[in-house]
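The values are calculated or read from the model by the stated rules, or taken from the named source; none is laboratory data. The structure presented is a predicted model; accordingly, all values stated were derived computationally and were not measured. Virtual Cβ from ideal backbone geometry, glycine too; neighbours counted across all protein chains shown.
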Amino acid sequence: MDDIETLGVVGAGQMGRGITQVAAQSGYSVMMFDVHEKGLEMGYEFIQNQLAKGVTKGKWDQRTATESLERISKSLDMSDLRDCDMVIEAATENKAIKFEIFRNLDNLIKDEAILASNTSSISITEIAAVTDRPGKIAGMHFMNPVPVMKLVEGIRGLETTEETFNTVETVAVNMGKIFVKANDVPGFAVNRILMPMINEAVYTLSEGVASAEDIDLAMKLGCNQPMGPLELADFIGLDTCLSIMEVLHEGLGDTKYRPCPLLRKYVQAGRLGRKTKKGFFEY
């Protein structure tokens with residue numbers, strides 16, 4: 001099914017709003033759905049502001065911004081996604097929540113539509129198994145911030161058809177992204193590498209090897225990373241990092257993926273990073 005014209009996006013948070021913006025700028029009609037009215041309005045306003053900033057900075061003209069915004073609709077009713085050709089789920093990185101969303105979407109949208117998950121670690125095969133259309137389920141892992149980062153990690157579940165996967169790749173490319181194919185294993189490719197590095201940085205802090213500032217400075221200057229691992233963890237969200245490490249630990253059964261107790265403690269304390277103004281650093 002290559003003729004995708006209408007996209008649905010589930011979730012108006014950091015990832016959902018970014019996917020919505022890029023899809024609309026790429027010519028797709030987009031229905032952005034969220035269960036929380038405040039979150040939905042904030043997501044929409046964020047897109048408005050980003051498009052306006054792009055005009056001010058000369059990235060695109062006013063006409064492009066206006067037309068992109070006109071392609072976006074928003075809804076608090078999931079049934080409004082029923083006519084979408086493809087729906088991308090961008091909800092919290094939680095199995096139970098994602099399973100419920102996919103069950104509901106499966107019952108709502110047209111039979112030929114594709115469902116994709118922006119999950120960063122959860123098995124696409126497991127997600128597909130809760131639906132009656134496993135062949136039309138795939139992973140479409142965008143990077144944050146979506147309008148800036150070029151990568152989309154594509155994940156094929158056990159039952160994902162070639163046609164579905166090719167369509168997902170086509171949509172990603174049409175959105176100006178570079179599509180990298182990864183197998184359906186815990187963490188896929190990006191987070192299988194990235195999250196253990198972040199987790200090890202937290203262990204390094206916990207064991208008093210160096211301060212948070214010096215750990216990040218060492219990695220930026222010594223490894224040419226644009227952002228230190230602890231600052232990056234704050235940017236991603238410490239709760240998300242913990243969830244991914246738990247998926248890796250449970251799914252691969254290796255103690256090297258055990259989440260650092262300090263990471264768990266920060267999450268329990270509500271120190272989740274930038275979104276709560278306090279994580280390993282204060283914002």
### Message
When you scan the stretch 160-172, do you find a residue that is modelled with pLDDT of 95 or more and outside any helix (DSSP H, G or I), even just one?
### Response
yes
### Task
Go through the stretch 225-283 and give me each residue that's closer than 23 Å to Lys98 by Cα and polar (S, T, N, Q).
Thr240, Ser243, Gln268
### Query
Is it the case that some residue within the stretch 70-91 is over 20 Å from Ile114 (Cα atoms) and free of Cβ contacts under 8 Å to residues at least 24 places away in the same chain?
yes
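Hey, does the stretch 132-149 have a residue that's among the acidic types (Asp, Glu) and out of contact with any helix residue (DSSP H, G or I) (no Cβ under 7 Å at 6 or more places or on another chain)?
Checking the stretch 132-149: not a single residue is among the acidic types (Asp, Glu) and out of contact with any helix residue (DSSP H, G or I) (no Cβ under 7 Å at 6 or more places or on another chain).
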### Query
Across the stretch 214-258, which residue is surrounded by the most Cβ atoms within 10 Å (Cβ to Cβ) among those that are part of a loop (DSSP other than H, G, I, E, B) and among the small types (Gly, Ala, Ser)?
Gly228
### Query
Could you list, in sequence order, the residues of the stretch 130-172 that are farther than 17 Å from Phe188 by Cβ, small (Gly, Ala, Ser) and in contact (Cβ under 8 Å) with a residue 40 or more places away in the chain?
none
### Task
Determine which member of the set Val35, Val22 is outside any helix (DSSP H, G or I), on the phi < 0 side of the Ramachandran plot and not charged (D, E, K, R).
Val35
### Task
Give, as residue ranges, the helices (runs of 4 or more DSSP H) completely inside the stretch 38-151 that count at least 2 residues that are exposed (fewer than 15 other Cβ atoms within 10 Å of the Cβ).
62-70, 95-108
### Message
Take the conditions in contact with a helix residue (DSSP H, G or I) (Cβ under 8 Å, 6 or more places away or on another chain), touching a residue at least 40 places away in the same chain (Cβ under 8 Å) and in a loop (DSSP other than H, G, I, E, B) and apply them to Val202. Does it pass?
### Response
no
### Task
Go through the stretch 173-199 and give me each residue that's free of Cβ contacts under 8 Å to residues at least 40 places away in the same chain, under 25 Å from Asp216 (Cα atoms) and not in a loop (DSSP other than H, G, I, E, B).
Ile193, Leu194, Met197
